[in-house]
Every structure is written in C-alpha cells, then in structure tokens.
C-alpha cells in the first residue's frame, strides 16, 4: 500500500502542476477549460480502462509511466501559445489514466485487506490532498525546476513499478509451486511422478525437452506419464493441465 501511495504522489505532481498552470491561463482569459477538449477524457478513460483490464494489468503501469513522460515534456517542447490546446488535451489524457490508476490500484489493495471500506477510497483521498498541495506549489515554482522535479519523481515511480513487478512475479511463482505441490499430494504421486508432473504443469514443454531436463529416456518418461494419468483420471498432458487449472480455480475460490 505504501508503494502505491508513493507512486500516486509522484504521478500526482504533474497533475497538480498542470492544474495550477491551466487555471492561471483560464483566469487570464487565455484558454477555455470548459470547451470540447474535455471530451478527450472519454477515449482516455476507455483506453486506460482497457489497459487496466488486459493481462492482469501487465501493461497498465508501463502505459501510465509513458503518458506521464509525454505530459512532462509536452509543455516544454510545445510551449508556444498555438500549442496550448494540444497540451490541454494531453493533460486530459493523463488525468484519465491517473484516475483509473488510483482507483484500480487501491481497489485491488482493498480486496486483499481486512478493511476494504478504508482502503478503497484512499487513492482518491491521496489524489485530492496531493493535487491541492502541488497546485499551490505550481504558482511559485520555476518551470524548469518543475521539470527537474518531474524527472526525479519519474525515476522514483519507475523504480517502484519495476520492484513491484519483480516482487509480484516471485510471489506468483511461489504460490504456483505451492498449489502444484498440493495438487500432487492429493493424488499420492510418487517422488519421481511428482517431479515429472511438476515439470509438465509448470513448463508445458515437449516430451523431448522434458526427457532431456529429467535425464531419462522418452520411453521411461511415457511410462511415468501413463501412471500419472491413471492416478489423476486424465489421459494426456493437456487434460492433466486442464484438471490442475480446474483444481486451482476451485482452491482459490
């Protein structure tokens, strides 16, 4: 939860700065915040939501960081007045990604916690507080100093996301290994059969690859597999994997 909060604060910095910047332009009558550019939020939400849903959010964090980078450099590279509406559109895209990020991230945290009613709205609370603070900072801070801060926060956010991804992969591998051990024990496989079943379920390699890794002939491997199929009530490696996935689904529920 702490890492999610830190990443959110890093991401919120640019949102708060942009809020303060465009509010000043709006107050001076230089830009219209109530125009059609706000409609960009719609495809932004759809794209961010889609990226958050596919592959268990595998690409979502990376996409948020990429949008963050664009939002950081766009006002610098496109600082001329004729590009203000383009920058405003990019800001709306970033806002849509930011909203989806803090919602799905803290909803996930809430689902795994003992107090979901506390953690579910926490992302929005952090967002509001950070947005207010950073909007105030934006009024007094030099643009290039803000860019430097952006880059530092970007490195922090990116590093945390990499650490989270590696930690999640390690955790998933450990959980998968434990689930396979439980599945093997359920059918009382021998030590050698357990080793073979674990290789089949974890890697799904060909018979030739499996025999090479296990240092046995293909004929011996087939004999062990037939014993595994008989004990588990399956008739092939595919049906064995299907039975394991069914067991895993029931076990998780």
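The values are calculated or read from the model by the stated rules, or taken from the named source; none is laboratory data. Since the model is a prediction, treat every value here as computed from it, not as a measurement. Neighbour counts run over all protein chains shown; Cβ positions are idealised from the backbone, glycine included.
Residue-level analysis places residue 54 among those that are surrounded by fewer than 19 Cβ atoms within 10 Å (Cβ to Cβ) and part of a helix (DSSP H, G or I). The requirement of being surrounded by 12 or more Cβ atoms within 10 Å (Cβ to Cβ) and modelled with pLDDT of 75 or more is fulfilled nowhere in region 74-81; no residue meets it. The listed residues are 9, 31, and the only one of them that is surrounded by 15 or more Cβ atoms within 10 Å (Cβ to Cβ), assigned to a loop (DSSP other than H, G, I, E, B) and in the same structural domain as residue 149 (by TED's automatic domain parsing) turns out to be 31.
Here is a yes/no grid of residues against (1) out of contact with any strand residue (DSSP E or B) (no Cβ under 8 Å at 6 or more places or on another chain); (2) modelled with pLDDT under 70; (3) buried (at least 18 other Cβ atoms within 10 Å of the Cβ):
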residue	(1), (2), (3)
72	yes, no, yes
86	yes, no, no
93	yes, no, yes
97	yes, no, yes
123	yes, no, yes
133	yes, no, no
148	yes, no, no
160	yes, yes, no
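Scanning region 174-217 for residues that are touching a residue at least 60 places away in the same chain (Cβ under 8 Å) and surrounded by 14 or more Cβ atoms within 10 Å (Cβ to Cβ) turns up 179, 180, 183.
What about residue 167, is it over 30 Å from residue 65 (Cα atoms) and either in a helix (DSSP H, G or I) or at pLDDT 85 or above (or both)? Spelling it out, it is not the case that residue 167 is over 30 Å from residue 65 (Cα atoms) and either in a helix (DSSP H, G or I) or at pLDDT 85 or above (or both). Test residue 25 against the criterion of being out of contact with any helix residue (DSSP H, G or I) (no Cβ under 6 Å at 6 or more places or on another chain), assigned by TED's automatic domain parsing to the domain that holds residue 159, surrounded by fewer than 19 Cβ atoms within 10 Å (Cβ to Cβ) and touching a residue at least 24 places away in the same chain (Cβ under 8 Å), and give yes or no. The answer is yes for residue 25.
In this entry, residue 107 passes the filter for residues that are at pLDDT 80 or above and surrounded by 14 or more Cβ atoms within 10 Å (Cβ to Cβ). Please determine whether any residue of region 192-207 is farther than 17 Å from residue 239 by Cα and at pLDDT 85 or above. The answer is yes, given that some residue of region 192-207 is farther than 17 Å from residue 239 by Cα and at pLDDT 85 or above. Being within 22 Å of residue 121 (Cβ to Cβ), modelled with pLDDT of 85 or more and buried (at least 21 other Cβ atoms within 10 Å of the Cβ) is a property that does not hold for residue 41.
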